[in-house]
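Only one structure is covered here, and it is reproduced in the block below.
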Amino acid sequence: MNDIIAFAHAHPGAIVVIGLALVFDYINGFHDAANSIATIVSTRVLSPRYAVIWAAGFNTLAFLIFSTHVAGNIAKGVDSHVVTIGLVGAGLLGAIIWDLLTWIWGLPTSSSHALIGGIAGAAITKAGFSCLDQAFFKKTLLFIFVSPLMGAILGFALMWLVMKLFGGFSQRIIDKRFRLLQFVSAAFYSLGHGGNDAQKTMGIIVAALIATGTVAAAPSGETQHIPIWIVLACHAAMGLGTMSGGWRIVKTMGMKITKLQPVGGFCAETAGAITLFMNTALGIPVSTTHTITGAIVGVGSVRKLSAVRWGVAGRIVWAWLLTIPGAAAISSLSFLALKALGVNV
């Protein structure tokens, strides 16, 4: 306790930034709650109240399963000599404001990309593009397109396979079996969501602590160490956020893109979970929103392409493309505002 008090006195800005990071994680939880529960709610397997409890539990348990490879990559995404507490704070403000705006509009955008765009926008404003880890950001930008494509292909393949295997059964029997299986697929998807998304905030907190000299930056090519208290705090914040809901986006994700039955919900969640598990293992910070949306589109297009409401899907894609530049613009303005107020950025 004495160490915490001493740290707070020595680095009050770091305490503010850690608080902002956990607020972002909480907002990420309720903004992206739709990712974990939209399919299981829209198929009426669980009520919204119990669905968020189910998802929140597995979001939190993810720390027991996944390594912190993604968090380490995020922490090293900007040159440590450029990173300051003020810069991280401006990046978080950009991500938080963008998330709240898209939540109000009911758009399932990526909190992950809002955070990455926010940090990048503040860093570029301060030191130009050269301060960014080019390889990391290029990979992240590439996976804006790769992760929903992976989700769509897996969703299509799983739905096609299930239709071949169970095509001779009555709809009532299929619904009964897959209602039970959706508990499993939703749990795995929530594990993947917690495992990939919570790590982004861990990386931001570690970047802030590196800026204060509290945590040593890992040498180039080595994995950044993430203290256990950061891991637990981020997973807890995300779990609490998920329990707060996010019903505007649930409606868009689970009901407006395509009509889902329990079998479709199972295939979409399973496809999304496989995609997230693979990318988390590789240390790639992908969007859980993009992944599950792609999987839902893939599942819906198996029966016929017209089953997908392409107008809604197109609106979502535009929101995806605008997330990184939108959050970056807000964080850039936040950075300049903090600088004008005399904050050390």
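Tabulated data
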| read-out | value |
| --- | --- |
| Which listed residue, of Val70, Val82, is in contact with a Cys (Cβ under 8 Å, 6 or more places away or on another chain) and closer than 30 Å to Gly213 by Cα | Val82 |
| The stretch 173-204, residues that are more than 30 Å from Ala120 (Cβ to Cβ), at pLDDT 85 or above and not hydrophobic (A, V, I, L, M, F, W, C) | Lys176, Arg177, Arg179, Gln182, Ser185 |
| Test: residue in the stretch 188-210 that is in contact with a helix residue (DSSP H, G or I) (Cβ under 7 Å, 6 or more places away or on another chain), farther than 26 Å from Ile119 by Cβ and of a type in the set (A, V, I, L, M, F, W, C) | yes |
| Answer from Ser147, Ser130 - the residue that is over 19 Å from Ala21 (Cβ atoms), polar (S, T, N, Q), in a helix (DSSP H, G or I) and under 19 Å from the mean Cα position of the chain (by Cα) | Ser147 |
| Pair list, Cβ under 6 Å, 6 or more apart: the stretch 90-113 residue closer than 9 Å to His31 by Cα and of a type in the set (Val, Ile, Thr), other residue modelled with pLDDT under 85 and not in a loop (DSSP other than H, G, I, E, B) | Thr109/Thr102; Thr109/Ala319 |
| For Ile124: the one exception among (1) surrounded by fewer than 24 Cβ atoms within 10 Å (Cβ to Cβ); (2) aliphatic (A, V, I, L, M); (3) under 23 Å from Ala236 (Cα atoms) | (3) |
| Residue in the stretch 26-46 that is closer than 28 Å to Ile116 by Cβ, at pLDDT 80 or above and not acidic (Asp, Glu) present | yes |
| Residue in the stretch 164-173 that is assigned to a helix (DSSP H, G or I), without any contact (Cβ under 8 Å) to a residue 40 or more places away in the chain, of a type in the set (A, V, I, L, M) and farther than 27 Å from Thr280 by Cα present | yes |
| Check on Gly89, surrounded by fewer than 21 Cβ atoms within 10 Å (Cβ to Cβ) and among the small types (Gly, Ala, Ser) | no |
| Qualifying residue in the stretch 49-58 (condition: charged (D, E, K, R), part of a helix (DSSP H, G or I), at negative phi and free of Cβ contacts under 8 Å to residues at least 12 places away in the same chain) | yes |
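The values are calculated or read from the model by the stated rules, or taken from the named source; none is laboratory data. As the structure is a computational prediction, the values presented were derived from the model and not from experiment. Glycine also receives a Cβ, built like all others from the backbone with ideal geometry; neighbour counts cover every protein chain displayed.
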